[in-house]
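The values are calculated or read from the model by the stated rules, or taken from the named source; none is laboratory data. All values reported here derive from a predicted model rather than from experimental measurement. Cβ placement follows ideal geometry from the backbone for every residue including glycine, while neighbour counts extend to all protein chains displayed. What goes into the accessible areas is simple: the full protein's heavy atoms, side chains included, and nothing from ligands, DNA or RNA. Shrake-Rupley method; radii C 1.70, N 1.55, O 1.52, S 1.80 Å.
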Amino acid sequence: MQGMNSRAEAAMTQTFIPRVFSGIQPSGGLTLGNYLGAMKRFVDMQADGGFETVYCMVDLHAITVWQNPEDLRRNTRELCAGFIAAGIDPEKSILFNQSQVPEHAQLGCCFNCVARMGWMKRMTQWKDKAGKNSENASLGLFGYPALMAADILIYHATHVPVGEDQKQHLELTRDIAVKFNNDFGVDFFPIPEPVIEGSATRVMSLRDGTKKMSKSDPSDMSRLNMTDGAETLVKKIKKAKTDMDPLPDNLEGLDGRPEAQNLVNIYASLNEMTVQAVIGEFSGQQFGAFKPKLADLAVAKLAPISSEMSRLMQDPAEIDRILARGAERGRALAAPILQKTYDIVGMLR
Ligand code: TYM
């Protein structure tokens, strides 16, 4: 995690405390994409030591599309278990559930009045999720990025680790911070930096290397879930789509081979090595030889997380206690920032 401290120092010079915020929706099981693109990097930033780290289960975002209430409760606890099993320490980081810190929704309400309809309409995730039937999509889905900006800015967060698919939302967050500061003639909100780094910023489907790995894909074979046991992981990797060529001896040799590129990226990220080093090790080998190595690695890295998640899930009351404590700590940071925002906007105390 080289460079983190210099980034943290740069934030200091703007007088903002170097603070990381990121969130994950409890809208289904955690995938390998969530883990490699986000969670694993949250753990790195927690370990870096140069930042305060704040991580959140964004249940208010999840309900922008229909969620069965019982599933939502279970998924929120399971996601919390996932954070902890992956290495987030609820003492070192602030770990909580979004709806339990009401300041997110309150600042989101202010930002709904800062963000412009035109900005929202340009969001590719809105276009993808609303599809052709946008008249029938929820207003919450349309306003999703303004709430996301509130999540980040209610903590004056300076750095936001996310996967590639969130880049545009982060740009919109920056636009909202700039517009708020300009409209009110203040230098109140930081302009947060997206942190999109590493070989797994966009983990692709195992069935189609041109599509993102996603929890909403109807085919379970398209993804590795963090709750999959060893046998399932091995089966899914064995069946993953590939091409007939051996692994190349240089990076350019992966161009135009999305499935090969994806599996190599996953290997590199899981084993914390560069894509170049993976190529160096496996160049000339067929997928028949590479896939069992990848499966062994996936089982070694993911199975302990999955079994720790199921252990933690046996004590939901303890998870609820952790989340309540996290929410208390979150509110201690968020409440004064909301109050100051209200003062700037002109609300009576
Ligand atoms: P969500 O819940 O869809 O995904 C959580 C995180 O996982 C990353 N991710 C991936 N990374 C690489 N490859 C993939 N296939 C892949 N799939 C998902 C996402 O980029 C994300 O970092 N809008 C956010 C949640 C959110 C948020 C925030 C994030 C709400 N407020 C404030 C950061 C800051 C989302 O839907 O993530």
Could you pull out every one of the aspartates and glutamates with an alpha carbon less than 17 Å from that of LYS239, ignoring same-chain neighbours closer than 8 positions? ASP208, ASP217, ASP220, ASP228, GLU231, GLU259, ASP296
With N set to the residue count of the range 134-279, report its C-alpha Rg divided by 2.2 N^0.38 Å to two decimal places. 1.33
Percentage relative contact order, the chain, counting C-alpha pairs under 8 Å, at least six apart: 22 percent
Heavy-atom accessible surface of the chain: percent carbon and sulfur, 1.4 Å: 51 percent
Please list, by residue number, everything in the range 243-258 whose backbone N is under 16 Å from a paramagnetic label point 7 Å out along Cα→Cβ of LEU297. 247-251, 254
Starting from the Cα gyration tensor of the range 110-219, take the square roots of the eigenvalues, sort them a ≥ b ≥ c, and report rounded, prolate or oblate (rounded when a/c is under 1.5, otherwise prolate if a/b is larger than b/c, else oblate). oblate
To the nearest Å², the heavy-atom accessible area per residue of the chain with 1.4 Å probe amounts to 46 Å²
To one decimal place, what Kirkwood hydrodynamic radius in Å is obtained for the chain from all pairs of distinct Cα atoms? 21.2 Å
Once phi for every residue in the range 214-226 is put through the Karplus expression 6.51 cos²θ - 1.76 cosθ + 1.60 (θ = phi - 60°), the whole-Hz ³J(HN,Hα) values, with Gly and Pro written as x, are 9, 6, 8, 5, x, 8, 5, 6, 7, 9, 9, 9, 5
What lysines could a cross-link reach from LYS238, if we take a straight Cα to Cα line under 30 Å and drop same-chain neighbours fewer than 8 places away? LYS40, LYS211, LYS212, LYS215, LYS291, LYS293, LYS301
